[in-house]
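Below: one structure, written as structure tokens.
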Amino acid sequence: MREFLSFSISSRKIIFGIVTETGSVISSTEIDYDHRLEGKEIISNIIDITRKCNSTVLSGITISTAGQVDSNSGVILYASDHILKYTGVKVKQLLEEALDLPVEVQNDVNASALAESWIGVAKDVQSLFYMSIGMGIGGSYIIDNKLHAGHSYSAGEIGYLPFDGQHLEDVGSMQALKLRVAARLSLSVEDISVPMMIEKYNNGDAIVIEEMDYFIKIIGFALTSIVYMLNPELIVIGGDVKHHRAFFLPKFRASLEQNLLPNFQKNVQLEIADEIKQTRLIGAVRNYLLQESSLPLRNFLSLLEQKKPMLTKTELLIAHFIVNNLERVPLMTITEMAKQVNVSDPTVTRFCRKIDLASYNELKMVVKMAQATEKIYERSTGNTEIRSSYEHTMASIDTELKNHRFQKIIEEISSVRTFYFFSDYTNQETLLKIKTLFLKKGILFQSFSMNEAIEYSDITINAKIPVCLFLIKKYDTQAKKQLNVLLEQNPNVLTLSETDVAKEKDLALFLPTTSANHEFALYYFFESFTEKINSK
Amino acid sequence: MEMKKNILAFDIGGTFIKYGIVTEDGLVLSKHQEKTPAQEGGTAIVQLLKKIGESMITSFDNVIGIAISTAGQVDVEQGVIIYASDAIKDYRGTELKEELMAHFKLPVEVENDVNCAGLAEIWRGDAKEKASVFSLTLGTGIGGSYILNGVLQHGANYRAGEVGYLKIDGQKFEDLASPKALVDKVSARMNGEYLTGEEVFARAQAGNSICIEEIEKMMYYLAKGISTICYILNPEIITIGGGIARQATYLMPILDKFIRNELLEPFYQDTTIVFSQTNNEAGMIGAVYHLLSHLSEKE
């Protein structure tokens, strides 16, 4: 059975432990810090902890963290200052580079929700809304065991709902309740705990009863909104209420029923989260497994072959069309394709779903990947490890290409119509293929091997012509000298491999290659890159 | 070349039944409407559909199925109305699918009108090829449908998307932001004069301060409801449909101002909000899309 080293990151605490691929926690350790953590510190701590582990038995690193996460690229999209300098940190990439292990990252509320739907109270539920009440109020929506991340990874943010001119969590979080109770009892907020409030409530403390009832009313409002909008099969509430099911559950239920139209009441199920230990560590592993299984299948042909017995005649026509038009499909809209095959749009949509793709757009993406790999590599390697390294490479390149740094260079190439490529990479076949990509766009492509380039650089290099540098061999002084020459003369330098100079000047894109697949990475990179260039 | 397939489409509302022939590409070839026999109830509606259907099917070639969009809550599998307001008498329990299938010997599919409006958006409207779409329909009330990767999210009991009931500042969203609420509120301030929606907008544009003010208020609350949708679902696009979409030019700047004010910046940036362009054909077009999806599933 595979084992993962799983982490849960919060403002002043890192929890880590070994979790199996079936969700059992083998060990766990908590480290408390006396200060708010910083992005860099988190990365280096994870690296240290992992290195101290016997990493030969680990299959991967799984992370649950505070903050908004792009779970595909593993980048922190936004983090409040509970964790300093965390926004924008490429957690997945940094750790994968340092540790040479696959890494997946997910937001902590989502991780908890995934754990609940995996082995918790929401097991076997088709649609789940998980709500976490603590410092704030977070939410996460799970349909068919998959996370509904939203268009920009921020679905489920019920804490922001408008409520009495404020955000819901400003008045309805456990923290807000504690603050109000503390103020009215003239205590410090640190002295207020959930068990203490429950005790006072049960003993008839008027102030606590009033504030607690108000809190429960607000949660009832949030629950009502969820039922009207999503009508999920089950709503699970976790966070600070988790260990007090007997107290909170009947109150939340009553509050929800009071607000809800009678017609909606009979189908609503509400629960408090299971008292699973280390939910987030488990949820992070679940996220890893989901990411892994949803990786786009590169070998589109084998996918179709496998689904063939289930396809109708019309759907086989669509499959046939796609296989014979791999280059065109990624450029076609669904209607254009439906017209070509002489079927209706919904038939195409249905076809996509039958082969386990969520949408036509996903089909286009998978076809594009199939097309890119088909050119250089044989159709089936049959080796999943190699395949996943390609998928990983493609995903990283796709993410990198969104970077604004490239926009400038692409614009420059579009206007100058020439591009220089300096490299110690000598596979002429691949270079020729890359050259063809540029020529198709009407761009003059000139490649130089390092020595030649140094010798003639004075003559050939024109400050206006964008230059790309790609080094496979270990960094050496000659190359460094050359790079400095280039940088002095030319603002449009792009480097695709790691060099100190490039790092220092923030010029580098690190093509995620292993020695086995750099031709593929190079080709895939330039294919995606040239697509963005305007042809004349 | 093979002849294009045609579909007979119905859109059953509380006031009118719209019907027509729609091609498999979603083009409306002919469009008509009749008054809904709302007081006579479900049976009368079925009778009327049969009568209309017979004449339409004889006048058009190659009609391969019947697509129905209707008010009320629909059990989509059975094609039965499982809940309807009083707008149509005794509509609950009407077995539209069974009745029409037996009569015409053609495939029939039924879907709720608000859901059909959403499907029309992803097929023919601004939400084309968008992965996550929330489609609002504004009329007497406010309905919503959510389409994820081309699939309608019905919720556990065909009850998802009932945004009209959301509580905003202690009141029902649809009592604050529906066109009906607007007309009621304006009329209440007009000394007994009762205006239609169109008139409210005409007067606002002519400078009537009551109309301007009430429209502003309506957009203020609409923005709050839309914000709730953005926070919970973070959809790629929200479309706003219903007759009021014709006032898009006047309304969009006002709505945008309030949404910008209400929504946190990243949420504002990430979701496109548009008034629908599919007009009053949305129900029919969406119903046809729904039917075609089912047909290709069964092929």
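The values are calculated or read from the model by the stated rules, or taken from the named source; none is laboratory data. All values reported here derive from a predicted model rather than from experimental measurement. Cβ placement follows ideal geometry from the backbone for every residue including glycine, while neighbour counts extend to all protein chains displayed. To get the accessible areas, we keep the full protein, side chains included, count just its heavy atoms, and leave off ligands, DNA and RNA. Shrake-Rupley method; radii C 1.70, N 1.55, O 1.52, S 1.80 Å.
Summary of computed values
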| quantity | calculated |
| --- | --- |
| Of A:90/A:532; A:92/A:441; A:464/A:532; B:89/B:130, those spanning more than 31 Å from alpha-carbon to alpha-carbon | A:92/A:441; B:89/B:130 |
| Rounded, prolate or oblate (a/c below 1.5 giving rounded, otherwise prolate when a/b exceeds b/c) for chain B by Cα gyration tensor | prolate |
| Residue mean of other protein chain beta carbons inside 10 Å, B:167-174 | 3 |
| Residue-averaged beta-carbon neighbours from other chains (10 angstrom radius) around A:143-154 | 5 |
| Hull shadow area, averaged, the stretch B:107-249 [alpha-carbon convex hull, nm²] | 10.1 |
| Separation of alpha-carbon centers, the stretch A:91-160 and the stretch A:61-83, rounded to whole Å | 11 |
| Within the protein assembly as shown, helix-based [θ] at 222 nm, where runs of 4 or more DSSP H residues each add -39,500 (n - 2.57), nearest 500 | -14500 deg cm²/dmol |
| Charge tally in the Cβ shell below 14 Å around residue A:141, where Lys, Arg are +1 and Asp, Glu are -1, residue A:141 excluded | -3 |
| Amide N proximity, the stretch B:1-25 versus residue A:342 label position 7 Å along Cα-to-Cβ, cut-off under 11 Å | B:1-4 |
| R0 of 41 Å, Cβ-Cβ distance residue B:264-residue A:49: FRET efficiency to nearest 0.05 | 0.75 |
| Contour minus Cα-Cα distance for residue A:531 and residue A:166 (0.36 nm per residue) | 126.8 nm |
| Distance (nanometres) between label positions extended 7 Å along Cα→Cβ at residue A:489 and residue B:15 | 7.5 |
| Alpha-carbon gyration tensor eigenvalues x 5, square-rooted, for the stretch B:230-299, Å | 30, 18, 6 |
| For the stretch B:173-299: lysine pairs under 30 Å (alpha-carbon distance), excluding those fewer than 8 apart on one chain | 8 |
| Rg to Rh quotient for the protein assembly as shown, alpha carbon positions, Kirkwood Rh | 1.00 |
| B:169, B:113, reordered so the largest accessible area comes first (probe 1.4 Å) | B:169, B:113 |
| Nearest-0.05 FRET efficiency for residue A:101 and residue B:40, computed from C-beta distance (R0 60 Å) | 0.30 |
| Projected label distance in nm at residue A:446 and residue A:316, using a 7 Å step from Cα toward the beta-carbon | 5.5 |
| FRET efficiency estimate (nearest 0.05) - Cβ-Cβ, residue A:209 to residue A:436, R0 60 angstrom | 0.20 |
| Cα-based Rg / Dmax (Å) for the stretch A:103-150 | 10.3, 29 |
| Largest to smallest principal axis extent of the C-alpha atoms in the stretch B:40-99, angstrom | 36, 26, 16 |
| Reachable aspartates and glutamates, given that their alpha-carbon falls under 15 Å from the alpha-carbon of residue A:313 and they are not under 8 places away in the same chain | A:305, B:297, B:299 |
| The stretch A:113-238: equivalent-ellipsoid semi-axes (sqrt of 5 x gyration tensor eigenvalues, Cα, Å) | 30, 16, 12 |
| Inverse mean reciprocal Cα-Cα distance (Kirkwood Rh) of the stretch B:1-87, Å | 13.8 |
| Loop-located trypsin sites (Lys or Arg not before Pro) in the stretch B:145-242 whose Cβ has at most 14 other Cβ within 10 Å (DSSP) | B:189 |
| Accessible area of the protein assembly as shown belonging to carbon and sulfur atoms, whole % at 1.4 Å probe | 49 |
| Anchor residue B:128: lysines whose Cα lies under 17 Å away (excluding residues fewer than 8 positions away in-chain) | A:339, A:364 |
| Neighbour net charge for residue A:122 - beta-carbon separation under 10 angstrom, K R +1, D E -1 | -4 |
| Local electrostatic count, residue A:157, Cβ distance below 12 Å [Lys/Arg +1, Asp/Glu -1] | -2 |
